[in-house]
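The structure appears below as structure tokens.
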Amino acid sequence: MAPARVPVTGTPSVPAGGADLHAGSVTTSEKLSATEQAVERLALAQQAQTPCAPVRDLIGADAAAAYAVQRAGIARRVESGATVVGRKVGLTSPAVQAQLGVDQPDLGVLLDDMGHPDGATVARAGLLQPKVEAEVAFVLGADLVDGDLGPDQVRAAVDHAVAAIEIVDSRIAGWDITFTDTVADNGSSALYVLGTTTRTLAEVEPIDVEMTMTRNGEVVSTGNGAACLGDPLLALAWLARTARNFGEPLRAGQVILSGALGPMVTVEPGDTFAAHISGLGTVSVTFDEEQHA
């Protein structure tokens with residue numbers, strides 16, 4: 001089933017002015033709101049291919065403000081021609097939470113230009129500080145709009161599951177992030193790769209999967225389904241409720257990355273990663289040799 005393409009609605013219009021990549025400097029207009037300044041800082045970091053200062057000096061610890069920055073950033077990309085094909089849950093693994101110093105999940109948006117086929121070679125030069133993590137991905141066969149959106153309902157809404165590698169990347173220098181920094185930066189999500197083996201939930205139980213990820217043939221990350229908020233389906237239920245609360249519920253056909261099964265691993269030029277998830281097979285990605293300048 002192809003990912004559903006859903007337009008972003010209700011997102012604020014962001015002026016084309018600019019904020020410096022470093023904290024506290026607005027270069028065009030002192031009238032820019034904190035949200036607009038944060039959007040500008042992150043956008044300029046991407047354009048310049050240079051990580052920026054955290055945005056928490058602008059939005060503090062306000063989760064609502066962080067999601068407003070995220071929505072505005074996604075709206076810009078949609079206006080430039082991208083389409084929404086799904087969502088991701090981030091910060092689900094205790095190992096990843098410990099790596100980043102956060103203690104709760106977040107969500108991000110998947111766009112059509114973020115997806116790559118199994119075995120793809122990805123341009124390392126277009127990324128700033130990439131890391132990879134292995135996940136169970138779900139493709140929905142039904143909308144998740146009404147009802148209690150509990151585990152039984154979300155299970156019934158899943159068309160199939162597939163192994164995935166998410167390529168996370170932070171526009172914040174040195175991954176110096178708090179919860180609001182990563183939320184504003186679209187959950188630190190850059191790209192994703194889906195495997196080719198699909199299974200229904202009658203064929204595989206997400207909580208029971210075991211994951212092993214290698215880099216150039218060497219094991220670098222291990223984990224299991226229980227490491228993802230206790231069960232990837234619980235992560236999906238959390239996402240379904242949260243997305244509905246934001247007025248943008250999950251829809252049939254969307255791809256859902258349910259969260260890391262184990263520690264994320266830093267990418268170097270030329271690396272090849274392969275993640276094997278029991279019951280779902282193996283998914284792989286290679287990064288070309290070109291180092292980001």
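The values are calculated or read from the model by the stated rules, or taken from the named source; none is laboratory data. Note that the structure is a prediction, hence the values are computed from the model and not measured. We place every Cβ from the backbone using ideal geometry, glycine too, and count neighbours over all the protein chains shown.
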Give me the pairs, please: first residue somewhere in the range 131-151 and at pLDDT 95 or above, second residue anywhere and aromatic (F, W, Y) and surrounded by 15 or more Cβ atoms within 10 Å (Cβ to Cβ), beta-carbon distance under 6 Å, and either six or more positions apart or on two chains. V132/F273
Expected output for the range 231-250 (first residue on the phi > 0 side of the Ramachandran plot and free of Cβ contacts under 8 Å to residues at least 40 places away in the same chain, partner surrounded by fewer than 20 Cβ atoms within 10 Å (Cβ to Cβ) and in a helix (DSSP H, G or I), Cβ below 9 Å, 6+ apart or cross-chain) is none
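Let's see how each residue does on (1) out of contact with any Phe, Trp or Tyr (no Cβ under 8 Å at 6 or more places or on another chain); (2) under 27 Å from D152 (Cβ atoms):
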site	(1), (2)
T182	yes, no
L191	yes, no
L201	yes, yes
T272	no, no
List the strands (runs of 3 or more DSSP E) that sit entirely inside the range 196-263 and contain at least 1 residues that are under 27 Å from D143 (Cβ atoms). 255-260
Can you tell me which residue among A134, A125, A156, A98 is buried (at least 18 other Cβ atoms within 10 Å of the Cβ) and of a type in the set (G, A, S)? A134
Being small (G, A, S), at pLDDT 95 or above and buried (at least 17 other Cβ atoms within 10 Å of the Cβ), is that true of even one residue in the range 20-40? yes
What's the total number of residues in the range 41-84 that are farther than 12 Å from R171 by Cα, assigned to a helix (DSSP H, G or I) and touching a residue at least 24 places away in the same chain (Cβ under 8 Å)? 19
Considering the range 141-193, residues that are of a type in the set (D, E) and within 18 Å of the chain's Cα centre (by Cα), and then whichever is nearest to G279 (Cα to Cα), we arrive at E166
Hits in the range 78-124 (condition: at pLDDT below 95 and among the basic types (K, R)): R124
Hey, any hits in the range 191-201 for a residue that's hydroxyl-bearing (S, T, Y) and either in contact with a helix residue (DSSP H, G or I) (Cβ under 8 Å, 6 or more places away or on another chain) or closer than 20 Å to M264 by Cα (or both)? yes
Output the qualifying pairs, or none if there are none: Cβ atoms under 9 angstrom, residues six or more apart or on different chains, first residue in the range 270-288 and at pLDDT below 95 and among the acidic types (D, E), second residue part of a strand (DSSP E or B) and surrounded by 17 or more Cβ atoms within 10 Å (Cβ to Cβ). D288/V122
Kindly indicate the residue of the range 159-201 that is in contact with a Pro (Cβ under 9 Å, 6 or more places away or on another chain), of a type in the set (S, T, N, Q) and modelled with pLDDT under 95 and also surrounded by the fewest Cβ atoms within 10 Å (Cβ to Cβ) among those meeting that condition. T178
